[in-house]
Amino acid sequence: MPKHNDSADNKEILKKTINNMEAAEAAMEFAEGKELAAIKEKNERRKESMEELKDEIVAEEKSRINGYI
């Protein structure tokens, strides 16, 4: 059975992703070479994930307003 998709969950995931990205950016000051590259790559994936989460949150809010949820 699929898990119910709750917009509150998406908002919490978005907050955690932002916090993780900020922590990674702080860690970049002390990283170099492969580690620095890995952090940058992961933050790029986080940016993509954040955009997708934001879009999903907006879509869920519109659905809620229109009475679909």
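The values are calculated or read from the model by the stated rules, or taken from the named source; none is laboratory data. Just so it is clear, the structure is predicted and the values come from calculations on it, not from any experiment. Glycine gets a Cβ as well: all are built from the backbone with ideal geometry, and neighbour counts include every protein chain shown.
Pull out all pairs, ordered by first then second residue, where Cβ-Cβ is under 8 Å, the residues are six or more apart or on different chains, the first lies in the stretch 48-69 and is modelled with pLDDT under 95, and the second is surrounded by 12 or more Cβ atoms within 10 Å (Cβ to Cβ) and in a loop (DSSP other than H, G, I, E, B).
Matching pairs, first to second residue: E60/I69; S63/I69.
Consider the stretch 23-34. How many of its residues are exposed (fewer than 12 other Cβ atoms within 10 Å of the Cβ) and not small (G, A, S)? So that I can check it myself, show each step before the final result.
Initial filter on the stretch 23-34 (exposed (fewer than 12 other Cβ atoms within 10 Å of the Cβ)): 23, 26, 29-30, 32-34.
From what's left, not small (G, A, S): 29-30, 32, 34.
Total satisfying the criteria: 4.
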